[in-house]
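Asker: Dumping the structure here so I can ask a few things about it.
The values are calculated or read from the model by the stated rules, or taken from the named source; none is laboratory data. Note that this is a predicted model, so its numbers are computed, not measured. Because the Cβ atoms are built from the backbone with ideal geometry, glycine has one as well, and the counts that use them run over all protein chains shown.
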Amino acid sequence: MEILSGKIVAEAVKTQITADTILHKNNTGITPHLAAILIGNDGASETYVASKIKNCADVGFKSTLIRFDGDASQAAIEAAIVQLNNDTAVHGILVQLPLPKHINEQQIINLINPLKDVDGFHPISIGNMVLGNASFIPATPYGIMLMLKHYGIDTVGKHAVVIGRSNIVGRPMSILLSQATNPGNCTVTLCHSKTQNLKAICKEADIVIAALGIPGFLKADMVKEGAIIIDVGITRVADSSKKTGFAIKGDVDFDAVAPKASFITPVPGGVGLMTIAALLTNTLTAAKLAAQ
Ligand SMILES: Nc1nc(=O)c2c([nH]1)NC[C@@H]1CN(c3ccc(C(=O)N[C@@H](CCC(=O)O)C(=O)O)cc3)C=[N+]21
């Protein structure tokens with residue numbers, strides 16, 4: 001069993017981005033700039049956005065955080081997007097999800113200039129991704145692809161079972177793994193809360209991507225000997241032994257599943273760090289597009 005380290009791979013990606021950013025600045029005078037919009041004060045969202053901002057600084061990007069109260073109006077948020085679209089010094093725009101219930105999320109995403117859509121959530125980005133065209137790829141599935149590539153994992157012809165059909169993880173992951181790329185070329189089964197015989201399907205999998213958001217869901221008796229296990233879960237679970245009062249738990253029962261796996265990602269220290277590395281990659285791409 002080998003651990004797929006998000007720490008190691010994300011560091012490698014960031015080192016490359018740092019070098020590319022220096023080159024880009026020298027060649028064009030442009031510093032990549034990410035603008036993040038955060039609405040309300042959900043604890044987990046605060047943590048993720050703070051981490052994104054810090055990671056931008058690490059690789060030499062500028063970043064701007066635009067905050068709104070949880071009761072901000074749709075119009076106010078849309079006005080901020082329009083302003084960022086028109087600001088030629090801003091290359092990437094990210095609206096941290098989830099949004100408060102009174103906000104129409106799709107309408108907000110639709111407003112983002114697709115050339116600045118570093119989350120890859122705009123319908124044009126998703127359409128291009130599905131077609132296999134150049135596009136911004138949603139950060140979590142993109143980060144997983146970067147990790148599989150870094151470790152040289154052979155996915156050709158393998159049966160990949162994706163658990164979870166969210167627009168930001170499961171569904172795009174299923175599409176990427178099915179494409180004729182490397183990594184890719186998998187036979188993909190996309191499972192969800194209405195799937196029958198989930199255990200039997202998982203047991204057939206050469207690769208399992210667990211992205212359903214139920215801590216410890218994937219048990220040892222659900223996986224085949226030698227399977228590759230990718231854990232996308234990041235649920236906060238109360239834990240009085242931690243300073244913060246909570247621990248981050250993945251969707252995989254790691255201790256029981258790891259001995260059966262050929263490769264497995266830990267939580268924390270796995271996919272989450274790759275999500276940020278992929279976001280940085282997309283932001284650099286956006287800055288390069290702006291220079292063309
Ligand atoms: N518009 C938008 N884009 C996103 O990319 C987006 C989002 N909304 N909403 C929420 C999810 C979640 N997400 C993570 C980012 C970093 C870690 C991460 O760094 N995790 C670390 C630390 C975890 C911790 O200590 O909290 C780890 O797994 O080791 C996890 C999850 C981005 N998301």
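Asker: Which of (1) over 17 Å from the mean Cα position of the chain (by Cα); (2) not assigned by TED's automatic domain parsing to the domain that holds Ala36 does Phe121 not meet, given it meets every other one?
Answerer: (1)
Asker: Same structure again: Scan the stretch 186-193 and tell me whether some residue there is within 15 Å of the ligand (Cβ to nearest atom), out of contact with any Cys (no Cβ under 7 Å at 6 or more places or on another chain), among the aliphatic types (A, V, I, L, M) and outside any loop (DSSP other than H, G, I, E, B).
Answerer: No, the stretch 186-193 contains no residue that is within 15 Å of the ligand (Cβ to nearest atom), out of contact with any Cys (no Cβ under 7 Å at 6 or more places or on another chain), among the aliphatic types (A, V, I, L, M) and outside any loop (DSSP other than H, G, I, E, B).
Asker: Okay, next question. Which one is farthest from the ligand (Cβ to nearest atom) among residues in the stretch 106-123 that are touching a helix residue (DSSP H, G or I) at 6+ places or on another chain (Cβ under 6 Å) and under 17 Å from Met173 (Cα atoms)?
Answerer: Of everything passing the filter in the stretch 106-123, His122 is farthest from the ligand (Cβ to nearest atom).
Asker: Which of the residues belonging to the stretch 60-103 are within 15 Å of the ligand (Cβ to nearest atom) and assigned to a loop (DSSP other than H, G, I, E, B)?
Answerer: Gln96, Leu97, Pro98, Leu99, Pro100, Ile103
Asker: So, one more: Conditions first: (1) in contact (Cβ under 8 Å) with a residue 24 or more places away in the chain; (2) over 25 Å from Asp87 (Cβ atoms); (3) acidic (Asp, Glu). Asp69 passes all but one, so which condition is the exception?
Answerer: Condition (2) is where Asp69 drops out.
Asker: Test of understanding: among Ala220, Ala256, Ala247, which residue is without any contact (Cβ under 8 Å) to a residue 12 or more places away in the chain, surrounded by fewer than 18 Cβ atoms within 10 Å (Cβ to Cβ) and either assigned by TED's automatic domain parsing to the domain that holds Val188 or under 15 Å from Leu146 (Cα atoms) (or both)?
Answerer: Unique residue meeting the criteria: Ala247.
Asker: Out of the stretch 127-162, which residues are over 18 Å from the mean Cα position of the chain (by Cα) and either within 16 Å of the ligand (Cβ to nearest atom) or in a helix (DSSP H, G or I) (or both)?
Answerer: Leu131
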